[in-house]
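The values are calculated or read from the model by the stated rules, or taken from the named source; none is laboratory data. If you're wondering where the values come from, they're calculated on a predicted model, not measured in any experiment. Here the Cβ positions follow ideal geometry from the backbone for every residue, glycine too, while neighbour counts run over all protein chains shown.
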Amino acid sequence: MHADAVVLDVDGVLVDVADSYRRAIIETIERRHGDTIERATIQRFKDAGGFNNDWELTDAATLFVLAREAGYSGDAVEFTDAIAAHEEGGLAAARAVLREAAGREGFDGHESRSDSLATEGHGPSGNRKPTASGDSQNATRSGDADSVEAEWDPDGVRETFQALYLGTELYREIEGGEPPFEAPGYIHDEPVIVEPGTIERLQSGFSVGVLTGRPAAEAEIALERAGLSVPEEHRFTMDDWAEGKPHPRALVTLAERFDGLESRSDSIANQNASRSGDADSVVTEGAADSRRASVVFVGDTLDDVRTATNAAESDPSREYHGVGVLTGGLTGESGRRKYEAEGAAAVLDSVNDLPDLLE
């Protein structure tokens, strides 16, 4: 595969976050509401699309747990499938799905779903923990979407998540205040995936950038741990844009920022214009297209592949290729098939196979 530039996601590509971010999602909901989701459900949310931000994924999963308590009869598969089918995607779609379900069913006439949550691996029934606003057993049993959202506290979710993920000292440093409780910090449980030799080969042969849903401070910690030095102008983090993946703006902007990565076809066209009297210098449109600058984006979710696809549609002057790795939530042959169905240009066992893929 030809490439002029390589853009890397962080989570699941450079570092393993199974025991950090994903653990924080599960335990945030458990700590606040007594029940939670099983680990496999996190990947269902990721596959549904629009959950590049793990705070918002935690919010959506919280709404699901609260809705089940209020009588929503759908399971995690039905809920995430409905999100995937919704035109908005992400947290907005999760809220819309619950409102539509409440409009059909009213969430009434149902008992608490805590027992069924427990049987799905969602946490022990009868061993419920108090929340910041009181015991979640007091959540309404026959409310509607408004009553479910009244139980949801996104600021509290974020605070709990960050306390679990960052730990006490980093919480004070990054969040600028005291954490709601003491914790060691799951951020310290992120094994590095990328090997030093891989970084050396990529940076010696290609322009390299980073596109991640992490906040900037947390991205810096991961990049330093991985040993990857990338200039600020070649990074996009959560702090740099509102849209999130799979919106193409960040990837296209990075392509524009790489030195010498202007469209090859534009360059050729300019050369031809200056040589209008020389028939031998004319390059056909097809030849020009074949020499367009090529950007490879490597990620661990379907939204990463979708980002590359959307960038190609948004910026036809360059080529964009989405490459999936099997070191995140998508693994094995099932993960490979999902990537391929989404149009991935290649699927790799890990980012360490990338240099051999690229020309």
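Okay, here's what the table says:
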read-out: Tabulated pairs, segment 24-53, first assigned by TED's automatic domain parsing to the domain that holds ALA67 and within 18 Å of ASP300 (Cα to Cα), second among the hydroxyl-bearing types (Ser, Thr, Tyr) and not in a helix (DSSP H, G or I), C-beta under 9 angstrom, 6+ apart or interchain; value: ILE25/THR36; GLN43/THR301; LYS46/THR301; ASP47/THR301; GLY49/THR301; PHE51/THR301; ASN52/THR212; ASN52/THR301
read-out: Test: ALA3 is over 30 Å from GLY167 (Cβ atoms), assigned to a helix (DSSP H, G or I), small (Gly, Ala, Ser) and at pLDDT 95 or above; value: no
read-out: Considering residues of segment 65-90 that are part of a helix (DSSP H, G or I) and in contact with a Leu (Cβ under 8 Å, 6 or more places away or on another chain) only, the residue modelled with the highest pLDDT; value: VAL65
read-out: Filter result (within 21 Å of GLY322 (Cβ to Cβ), part of a helix (DSSP H, G or I) and of a type in the set (D, E, K, R)) within segment 231-246; value: ASP240
read-out: Which listed residue is of a type in the set (S, T, N, Q), over 22 Å from GLY322 (Cβ atoms) and assigned to a loop (DSSP other than H, G, I, E, B), from THR41, THR36, THR28; value: THR36
read-out: So SER314, is it closer than 18 Å to VAL252 by Cα, at pLDDT 95 or above and surrounded by fewer than 20 Cβ atoms within 10 Å (Cβ to Cβ); value: yes
read-out: ALA101, sole failed condition from (1) of a type outside the set (D, E, K, R); (2) surrounded by fewer than 18 Cβ atoms within 10 Å (Cβ to Cβ); (3) modelled with pLDDT under 95; value: (2)
read-out: Options ARG68, ARG32: the member that is in contact with a Lys or Arg (Cβ under 6 Å, 6 or more places away or on another chain), charged (D, E, K, R) and buried (at least 24 other Cβ atoms within 10 Å of the Cβ); value: ARG68
read-out: Test: residue in segment 182-198 that is buried (at least 20 other Cβ atoms within 10 Å of the Cβ) and either in a strand (DSSP E or B) or within 17 Å of the chain's Cα centre (by Cα) (or both); value: yes
read-out: Condition met for LEU228 (assigned to a helix (DSSP H, G or I), surrounded by 20 or more Cβ atoms within 10 Å (Cβ to Cβ) and in the same structural domain as VAL10 (by TED's automatic domain parsing)); value: no
read-out: One residue from LEU330, LEU261, LEU254 being at pLDDT below 95 and either closer than 27 Å to LEU228 by Cα or in contact with a Ser or Thr (Cβ under 6 Å, 6 or more places away or on another chain) (or both); value: LEU261
read-out: Filtered residues of segment 204-238 (kept if free of Cβ contacts under 8 Å to residues at least 12 places away in the same chain and closer than 16 Å to VAL296 by Cα); value: SER204
